[in-house]
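Notes follow the structure.
Values quoted throughout were computed directly from the atomic coordinates according to the rules given, and no laboratory measurement underlies them. Since the structure is predicted, the reported quantities are computational estimates derived from the model, not experimental observations. Every residue, glycine among them, receives a Cβ derived from its backbone with ideal geometry; neighbour counts consider all protein chains shown.
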Amino acid sequence: MAAEADVMLTDTEAAFLRARLDEDEETARDARVCAEVKDGRWFDGEDEINDDNGLRLATVNHPFVTAHIARHDPARVLREVAVWRRLLLDYSIPPGTDARYGGTERETGFRLALSMALKAKIATYPGNPVTGEPFPSGQARG
């Protein structure tokens, strides 16, 4: 099935996603250890980002920005990285070796769905191999 082959995750795409997940994890871990942050959860105030001890981490002049930053605290990013790594691991299981799927048609459907989800995640990063969008110069990766 040519259409299936076009949808399946390539080695290049998998390597790209692993590298971005590594960067996301490193950035989140670095942010989590700053100041007095205990578990990496951040909270938004009127014009500031606070850690779980109430310590102000940053002051921002717009409440919508503080809410956005707080929603993407290090704890959340690390949970997301773990989920995407698990999906990559499930995808990497050689076809025909996992009894959970009970047959080739079901397994093919599962692998196609996983591949589509992983490609959608890859497409969220700048400079990705899925959309072919070039990496913007002067912008931090990730």
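Data overview
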| item | result |
| --- | --- |
| Interchain or long-range residues, amide H under 5 Å from ALA58's placed H | ILE49 |
| 5 angstrom amide H check on GLY127, placed H, neighbours 5+ away | PHE135 |
| Label-point gap, in nm, between ASP98 and ALA120 - each point 7 angstrom along Cα→Cβ | 1.7 nm |
| Simple spin-label estimate for ALA19 and ARG106 in nanometres, 7 Å along Cα-Cβ | 3.8 nm |
